[in-house]
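In what follows, a single structure is set out as structure tokens and then discussed.
The values are calculated or read from the model by the stated rules, or taken from the named source; none is laboratory data. Model, not experiment: these values are computed from the prediction. Heads up, the Cβs are rebuilt from the backbone with ideal geometry, glycines too, and the neighbour counts pull from every protein chain shown. Only protein heavy atoms, including side chains, enter the accessible area calculation; ligands, DNA and RNA are left aside. Shrake-Rupley method; radii C 1.70, N 1.55, O 1.52, S 1.80 Å.
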Amino acid sequence: EFLYDIPGKELIGAKAYNLCLLRKENFPIPSFHIFSNGDLENYEENVITIKNYIDQLSSDNFYAVRSSAISEDGKEHSFAGQFSTVLFVHKKDLLVEIFNVYNSTKSNHVNRYKTFHQIEETLKISVIVQEMIHSDISGVAFGVDPMSLNPKTKVINAIYGQGEALVSGKYDSDFYSITDQKIHSKIVNKPFQIV
């Protein structure tokens, strides 16, 4: 993990970079490891290192395998929901899933997204392996209101259980909007959760 000398976003992507910043500031986040695009595209050179990392993990835990594309969450294109994420991966399946996430840059829907937005660059992606937690509540926070684009308004959506129910749009979530230290909330009926 890059606790002190954090690589730039251009090397590991914004998601991985922000995880490093959170860890450096001692926020309580699940443990993680980042495989850069260079680690994964040079598979022959790095496969032993990748396997050694997996070998030292606990077989009692499950892991999330997450994308951190260099082009993701950019000013012009978000690539939201385009790359793969695999949850509750057992240690024995990690190597395969790391490369499934890495190769998700070549999927049909990513190619359609690139064509629609006239993106010609070759996509580079890092992969995060992070310990899964069994969450009671999950949420997504936006530093800028994604609907009004007002930078003074912060938005939080939250749901019981795993965040997959929220990001997939499968279930309705609670909504919080914060502007000038005033909180507006809309609490919805939440009879289901993913656990």
Could you list, in sequence order, all residues of the stretch 12-28 that are surrounded by 15 or more Cβ atoms within 10 Å (Cβ to Cβ) and over 13 Å from the mean Cα position of the chain (by Cα)?
-> ARG23
List every residue pair whose Cβ atoms lie under 7 Å apart, where the two residues are 6 or more positions apart in sequence or sit on different chains, the first residue falls within the stretch 107-129 and is among the aromatic types (Phe, Trp, Tyr), and the second residue, located anywhere, is open to solvent by less than 20 Å² (accessible area, probe 1.4 Å).
-> TYR113/PHE79
Residue list for the stretch 146-161, filter: modelled with pLDDT of 90 or more and touching a strand residue (DSSP E or B) at 6+ places or on another chain (Cβ under 8 Å) | ASN150, LYS152, THR153, LYS154, VAL155, ILE156, ASN157, ALA158, ILE159, TYR160, GLY161
Note on the stretch 2-17: residues at pLDDT below 90 and closer than 16 Å to GLN130 by Cα are PHE2, LEU3, GLY13, ALA14, LYS15
Hits in the stretch 167-195 (condition: at pLDDT below 90 and of a type in the set (S, T, N, Q)) = SER168, GLN193
With (1) more than 22 Å from ILE29 (Cα to Cα); (2) aliphatic (A, V, I, L, M); (3) in contact (Cβ under 8 Å) with a residue 60 or more places away in the chain as the list, and MET147 as the residue in question, which single condition is left unmet?
-> (3)
If you go through the stretch 30-70, how many residues are polar (S, T, N, Q), touching an Asp or Glu at 6+ places or on another chain (Cβ under 9 Å) and surrounded by 13 or more Cβ atoms within 10 Å (Cβ to Cβ)?
-> 2
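Just checking, how many residues over the stretch 111-131 are surrounded by 15 or more Cβ atoms within 10 Å (Cβ to Cβ) and either at pLDDT 75 or above or within 16 Å of the chain's Cα centre (by Cα) (or both)?
Going residue by residue through the stretch 111-131, those that are surrounded by 15 or more Cβ atoms within 10 Å (Cβ to Cβ) are 113-114, 119, 123-131.
Filter once more, keeping what is either at pLDDT 75 or above or within 16 Å of the chain's Cα centre (by Cα) (or both): 123-131.
The total comes to 9.
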Sort out which residues of the stretch 146-183 are open to solvent by 20 Å² or more (accessible area, probe 1.4 Å) and more than 29 Å from VAL195 (Cβ to Cβ), and write them in order of number.
-> MET147, SER148, LEU149, ASN150, PRO151, LYS152, THR179, ASP180, GLN181, LYS182
Hey, GLU164 acidic (Asp, Glu) and at pLDDT below 85 or not | yes
For ASP73: the one exception among (1) open to solvent by 50 Å² or more (accessible area, probe 1.4 Å); (2) of a type outside the set (Phe, Trp, Tyr); (3) modelled with pLDDT of 90 or more = (3)
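Is it true that VAL155 is of a type in the set (A, V, I, L, M, F, W, C) and within 30 Å of GLN56 (Cβ to Cβ)? Before you say what the answer is, go through the steps one by one.
Values: of a type in the set (A, V, I, L, M, F, W, C): yes; within 30 Å of GLN56 (Cβ to Cβ): no.
So VAL155 fails the test.
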